[in-house]
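Q: Let me begin by handing over the structure; questions about it come next.
The values are calculated or read from the model by the stated rules, or taken from the named source; none is laboratory data. What you are looking at is a predicted structure, and each value in this text was computed from that prediction instead of being measured. Don't worry about glycine lacking a Cβ; one is built from the backbone with ideal geometry, like all the others, and counts go over all protein chains shown. Ligands, DNA and RNA are excluded from the accessible area calculation, which covers all protein heavy atoms including side chains. Shrake-Rupley method; radii C 1.70, N 1.55, O 1.52, S 1.80 Å.
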Amino acid sequence: MRKSTVKEMHHYLSNSSELLDKFDDYAEADYNTATFLSDTKVGFSIQRNYPENIRYKPAKDKTGNPDNIAVIWVVYDERSEKNNLINIPIRLRVAMMSKYRARNYDYDFEDDSCPTEDSVLISKSTPQPADLNLIGEYFYNSQKRKLVNSKNLEVNGIEILNRIYEAHCDSVSFFKHLNVKFSEYTSSIPLKLFALSISFLEDLLKNLFGRTLDEAANRSTYLDGYLKENFKKVIGDYIEITGYRASKSVIIIFCVLTLIFCFKNLPTSDASYLGNLMKSELLMLTHFIIALWVLDEVLPNVIFRLLNFVFRLRKSYINRSLSKLK
């Protein structure tokens with residue numbers, strides 16, 4: 001009798017449908033809209049509304065339906081198959097997504113399907129759930145053909161979804177948020193540094209430069225980063241000045257920098273460059289526009305490119321790590 005090869009002892013997943021089958025009772029646990037991912041061979045996303053009893057309040061349309069939902073991306077790391085591993089890592093990510101902005105670039109409050117302006121403002125004033133990644137804790141066992149945890153104990157797919165969903169919801173509570181952050185950074189030191197760098201750059205873009213980073217339900221951001229169309233200035237985050245939309249936070253930063261500059265350099269002699277600049281409204285306006293453009297467009301785009309570069313570095317590190325596994 002011919003001996004079975006190591007490869008034949010494994011049953012690897014070949015498509016997203018097989019992975020979703022491991023979570024086949026998701027509808028009974030209030031998860032919905034399972035979507036196969038377009039940027040990975042085996043993976044899907046799934047959605048769930050936020051509970052009413054947490055501090056975060058989603059925006060709602062005119063009929064009261066929530067626009068903001070929690071989306072969980074589940075990715076089977078098929079690259080591990082080439083090393084004949086028994087346990088194939090399952091990567092999970094959860095983030096808040098606007099259903100309306102996923103279909104449109106910005107809010108149009110005249111559209112009946114758009115969340116109302118008041119609900120958007122109320123939602124933004126409440127604590128926002130944290131984006132979370134969970135890796136190295138759950139696997140697909142190719143011999144048992146079951147999902148297992150890091151202790152190789154069988155787990156139900158809904159248990160996995162519930163764990164990251166509940167941690168995401170708990171992140172709006174200060175005391176529970178401490179535990180969420182601890183579980184998020186329990187991986188290797190390089191991955192901790194990547195996670196901290198990405199979190200820092202995302203916070204910089206969102207809080208300092210007033211940008212919105214949307215994610216698509218049919219694509220996993222964890223390894224490949226954001227698409228250009230995910231990088232937005234939306235209504236409520238900007239002020240329109242003579243036809244130019246500048247982020248509110250950037251306007252405040254610009255005004256503060258202008259006051260500091262004036263305090264340090266004024267008064268000035270008429271013969272100096274600054275003195276001549278003060279005499280010409282046209283030159284003043286030109287310098288104002290260029291300085292605002294650099295602060296509101298150039299710097300955020302440089303940081304956005306750097307953010308995606310860090311995503312690619314992390315992907316390269318993970319791929320090299322997997323190739324060394326025996």
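Q: Can you give the accessible area of H11 in Å² (nearest 10), computed on protein heavy atoms with a 1.4 Å probe?
A: So the heavy atoms of H11 present about 60 Å² to solvent.
Q: If you rank M9, M97 by how much accessible surface each has, with a 1.4 Å probe, what is the order from largest down?
A: So, going from the largest accessible area down, we get M9, M97.
Q: Give me the accessible area of S150, 1.4 Å probe, in Å² rounded to the nearest 10.
A: Its accessible surface works out to 80 Å², give or take rounding.
Q: Translational diffusion coefficient of the stretch 243-285 at 37 °C, 0.692 mPa s, Stokes-Einstein with Kirkwood Rh over Cα pairs, in µm²/s as a whole number.
A: In µm²/s, the coefficient rounds to 276.
Q: Still on this structure, please answer the following. Relative contact order of the chain: what whole-number percent is it, with Cα pairs under 8 angstrom and at least 6 residues apart?
A: 16
Q: Could you grab the relative contact order for the stretch 217-306? Cα pairs under 8 Å, six or more apart, rounded to a whole percent.
A: With pairs under 8 Å counted, the relative contact order is 19 percent.
Q: While we're looking at this one, here's another question. Leaving ligands, DNA and RNA out of it, report the carbon-plus-sulfur percent of the accessible area of the stretch 128-168 at a 1.4 Å probe.
A: Ligands and nucleic acids excluded, carbon and sulfur reach 43 percent.
Q: Here is a further query. With a 1.4 Å probe and all protein chains left in place, how much of the accessible area of the stretch 219-326 comes from carbon and sulfur atoms, in whole percent?
A: Here carbon and sulfur together make up 69 percent of the probe-accessible area.
Q: Working out 0.36 nm times the residue gap between E28 and E229, then minus their Cα-Cα distance, what length gain in nm do you get to one decimal?
A: Stretched out fully, the E28 to E229 stretch lengthens by 69.0 nm.
Q: I would also like to ask the following. Which residues in the stretch 103-141 place their backbone N less than 12 Å from a point set 7 Å from the Cα of K192 along the Cα-to-Cβ direction?
A: none
Q: Distance between Cα centroids, the stretch 127-166 to the stretch 48-111: provide it in whole Å.
A: A separation of 16 Å, based on Cα centres.
Q: Given a 1.4 Å probe and heavy atoms of the protein chains only, how would you sort E78, E110, largest accessible area at the top?
A: Listed by decreasing accessible area, they come as E110, E78.
Q: Here is a follow-up. Suppose the chain between F36 and L283 were pulled fully straight at 0.36 nm per residue; how much longer would it get relative to their current alpha carbon spacing?
A: 83.5 nm
Q: If the limit is 30 Å between Cα atoms, which of K60/K233; K22/K124; K22/K82; K62/K232; K41/K146 go over it?
A: Among K60/K233; K22/K124; K22/K82; K62/K232; K41/K146, the Cα-Cα distance tops 30 Å for K22/K124.
Q: Only four residue types carry charge here, +1 at the Cβ of Lys and Arg and -1 at the Cβ of Asp and Glu. Report the dipole size of the chain about the Cα centre in Debye, rounded to the nearest 20.
A: 1700
Q: What is the mean projected area of the alpha carbon convex hull for the stretch 7-147, to one decimal in square nanometres?
A: Approximately 9.8 nm², given one-decimal rounding.
Q: I'd like the distance between the alpha-carbon centres of the stretch 13-28 and the stretch 242-310, rounded to an integer number of Å.
A: If you average the Cα positions of each part, the centres end up 52 Å apart.
Q: Now, a different point. Note the full-extension length gain between E52 and N265 as 0.36 nm times their separation in residues minus their Cα-Cα distance, in nm to one decimal.
A: Contour length minus Cα-Cα distance gives 71.3 nm.
Q: In debye, nearest 20: dipole of the stretch 211-326 around its Cα centre with unit charges on the Cβ of K, R (+) and D, E (-)?
A: About 940 debye.
Q: Further, regarding this structure: How about K144: which aspartates and glutamates have a C-alpha closer than 20 Å to its C-alpha, ignoring those fewer than 8 places off in the same chain?
A: Partners within reach: E8, E18, D21, D24, D25, D77, E78, E81, E154, E159.
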